[in-house]
Amino acid sequence: MDHARDIDGNGWSGEGWPDNGSSVPDPRDPRANEAGNLIGYLRRGKESAPPTQQQKARRQVVTRMRGFGDRYDEWKLSVGEWFARIDLAPDLAENVGSRRWFRGLGTMIALGAAAFAFWPDFTPLEARASMPESPVIRDEMRRGIILPLALGADSGRSMGPSARVIPLKSAPERPQVELIATLAPGDSFPSMLRRAGLASGDISRVAALVGDAMPLTELKPGTQIDIVLGRRPAPGEPRPLDALSFRARFDLELEIARAGEGVAAPLALQRNFIRVDDTPLRVRGKVGQSLYRSMRAAGVPAGAVQEYLRALDNQIDMDREVRGSDEFDIILAYRRAATGERQAGQLLYAGIDRGGEAKTQLMRWGEDGQFYEASGVGEQRRGLVQPVPGPVSSRYGMRRHPILGYRRMHAGLDFRARHGTPIAAVTDGRVTSAGRAGGCGIAVRIDHGEGLSTRYCHMSRMAVSRGQRVERGQIIGYVGSTGLSTGPHLHYEMYRGGRSINPESVSFVSRAQLSGTELIDFRRRLIELKQVEVGAALADLEPLPSEVDEPEREIEKIDLARRMN
């Protein structure tokens with residue numbers, strides 16, 4: 001039996017092996033045939049033997065697993081066939097409006113709702129802080145940080161206090177405090193000093209000294225004042241004023257300091273007058289495609305450009321009478337200080353040259369700052385202001401009345417405009433009537449002098465009253481549809497000597513004429529301005545010997561001597 005087990009389990013036992021070293025027995029050997037028959041017999045006996053308990057349990061488990069797998073396959077097949085019959089996801093491009101299409105639409109909406117329901121939140125995720133929470137570790141890291149002390153850093157190992165450091169009961173104060181105070185709009189000079197920390201006695205003394213040099217009301221908002229405060233005489237008391245200086249005017253600097261040492265020394269004022277040159281600034285250049293851009297490119301300030309355009313627009317038609325080949329000529333009030341500051345003032349002269357000759361010349365003259373032509377004629381306005389920004393719907397002349405139904409004289413212009421549009425006075429005048437005027441509805445009549453007057457009808461409401469003085473472009477009422485009117489519009493009339501005339505045939509001109517000695521002075525000033533060289537005011541002022549600081553190094557003395565030579 002052992003011999004058979006060896007044959008069945010391990011092959012040959014060692015007997016009958018061939019001498020050639022091979023591990024396979026020779027089939028021609030008769031003992032090999034007997035061993036094969038024996039192995040078959042043993043296998044058939046093993047299969048016919050009753051199964052053991054372990055084999056029975058194994059067979060039951062295998063049978064159950066095979067049954068569960070078959071049932072799962074059947075269930076999966078039936079579910080798939082059910083979904084195929086329902087057809088939950090049909091093609092929505094086919095059979096639009098059918099039951100099958102609406103079923104697919106419901107599936108799409110349900111899936112979209114589910115997607116939105118499970119949409120992730122966008123709140124930031126909580127993470128661990130980069131800075132350790134332990135105070136010991138945090139202090140150690142702060143001691144190892146290197147930051148600029150100029151920015152107020154208190155890091156570094158030498159600056160980090162330890163448990164052995166005993167804090168001071170009181171730290172010594174700085175001997176002096178330097179600060180800058182700015183005069184705010186609507187603020188007073190004493191209140192600004194009070195906020196800076198000056199004592200009441202110093203405030204009254206400084207205000208008195210500055211008031212002797214110039215009126216405090218002339219100090220412009222935005223003036224910066226350098227203040228130096230000294231050491232407190234006692235704890236809790238305000239610091240005394242050591243020094244104060246500021247630029248009071250463009251040509252004046254004021255300094256206040258102690259006349260001696262100690263708090264008891266009185267405050268004294270010193271005036272430092274600054275040399276200023278008032279040569280006007282003249283700029284010329286080609287008009288080009290855009291007059292505004294050409295002037296800005298030449299360095300003219302934006303405010304001066306706008307003032308220049310307004311002055312010329314009241315005199316000439318800028319769109320038609322100014323060419324790209326013309327040259328603009330502008331002169332501004334300009335101030336240069338010896339300390340290097342510059343200040344541009346108001347417009348003095350505005351001109352347009354064509355072919356080397358002056359075509360338009362306007363110069364500011366008088367206390368009111370009005371511009372006059374070179375001939376002495378004052379500011380001239382080009383015609384009337386349109387009362388409302390709208391097209392003309394009906395002109396002056398005979399027409400069929402839209403309400404009365406017969407032909408009658410239309411003594412004015414109708415401007416199409418929306419209800420509530422502001423109505424402007426075409427030129428200066430005085431209101432002679434304001435109120436209801438029959439078929440004209442709510443109307444305003446203005447007398448412009450020299451027998452000319454205008455009337456504005458069908459207003460919704462008025463903005464002026466009888467006897468009031470109005471100016472060119474001032475709002476006098478708002479467009480409406482009162483009286484005999486089919487809709488919101490403005491009916492505008494003009495009268496000369498009490499008779500109506502065509503408003504389109506009249507152009508108002510407002511002017512003033514200089515004469516006598518005033519005209520002579522005006523022309524003399526115009527000649528002086530025209531002699532100013534272009535860009536001469538942009539050069540730096542040559543310093544006087546008294547304005548040059550004595551250099552301390554020898555190399556600076558040599559450079560200064562070279563510049564002076």
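The values are calculated or read from the model by the stated rules, or taken from the named source; none is laboratory data. Keep in mind it's a predicted model, so treat the numbers as computed, not measured. In this analysis, Cβ positions are derived from the backbone assuming ideal geometry, glycine residues included, and neighbour counts consider all displayed protein chains. In case anyone asks, the SASA skips ligands and DNA or RNA and just uses the protein heavy atoms, side chains included. Shrake-Rupley method; radii C 1.70, N 1.55, O 1.52, S 1.80 Å.
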Enter the accessible area of GLU218 (Å², nearest 10), with the probe set to 1.4 Å and all protein chains included.
-> 100
Heavy atoms only, probe 1.4 angstrom, no DNA, RNA or ligands counted: give me VAL534, VAL283, VAL300 ranked by accessible area, highest first.
-> VAL534, VAL283, VAL300
Rounded to the nearest 10 Å², what accessible area does ASP242 show when all protein chains are kept and the probe is 1.4 Å?
-> 50
Phi to ³J(HN,Hα) by Karplus 6.51 cos²θ - 1.76 cosθ + 1.60 over the stretch 527-540, Hz, x for Gly, Pro = 5, 5, 5, 5, 8, 5, 6, 5, x, 5, 6, 7, 6, 6
Model label zone, ARG342; criterion: amide N under 20 Å from point 7 Å along Cα-to-beta-carbon; scope the stretch 277-305 = 277-286, 293-305
Between ARG525 and GLU237, the two model label points (7 Å from Cα along the beta-carbon direction) sit apart by a distance in nm of 5.7
Sorted largest first, the C-alpha extents of the stretch 256-372 along its principal axes in whole angstrom are 74, 30, 21
Accessible area per residue, 1.4 Å probe, Å², for the stretch 191-322: what's the number?
-> 53
Round to a whole angstrom and tell me the spacing of the C-alpha centers of the stretch 91-138 and the stretch 423-475.
-> 68
Spin-label model distance (nm) - ASP447 vs ARG275, 7 Å beyond Cα toward Cβ | 6.1
Theoretical gain in end-to-end length, ASP540 to SER325 [0.36 nm per residue, Cα-Cα removed] | 74.2 nm
Viscosity 0.890 mPa s, 25 °C: Kirkwood-radius Stokes-Einstein D of the stretch 446-546 over Cα pairs, µm²/s = 129
By how many nm would the segment from VAL263 to ARG499 grow when fully extended, if each residue of separation counts as 0.36 nm and the alpha-carbon distance is taken off?
-> 76.5 nm
Which FRET efficiency value, to the nearest 0.05, do you get for LYS56 and MET108 by plugging their Cβ-Cβ distance into 1/(1 + (r/R0)^6) with R0 = 60 Å?
-> 0.60
P(r) of the stretch 168-274 over all Cα-Cα pairs, binned every 5 Å from zero, in whole percent = 2, 11, 23, 26, 18, 10, 6, 2, 1, 1
Counting only protein heavy atoms, what percent of the accessible surface of the stretch 183-254 is carbon or sulfur at a 1.4 Å probe?
-> 52
Simple spin-label estimate for LEU125/ALA84, 7 Å along Cα→Cβ, in nm, reads 4.3
Go through ASP251, ASP521, ASP278 and list them by solvent-accessible area, largest first, probe radius 1.4 Å.
-> ASP278, ASP521, ASP251
Value of Rg/Rh across the stretch 273-316 [Cα atoms, Kirkwood radius] | 1.10
Protein chains only, probe 1.4 Å: how do TRP75, TRP365 rank by accessible area, largest first?
-> TRP75, TRP365
Can you work out the FRET efficiency for the pair GLU357 and ALA213, with r the C-beta to C-beta distance and R0 = 45 Å, to the nearest 0.05?
-> 0.35
Just how much of ASP317 is accessible, in Å², when a 1.4 Å probe is used and the result is rounded to the nearest 10?
-> 40
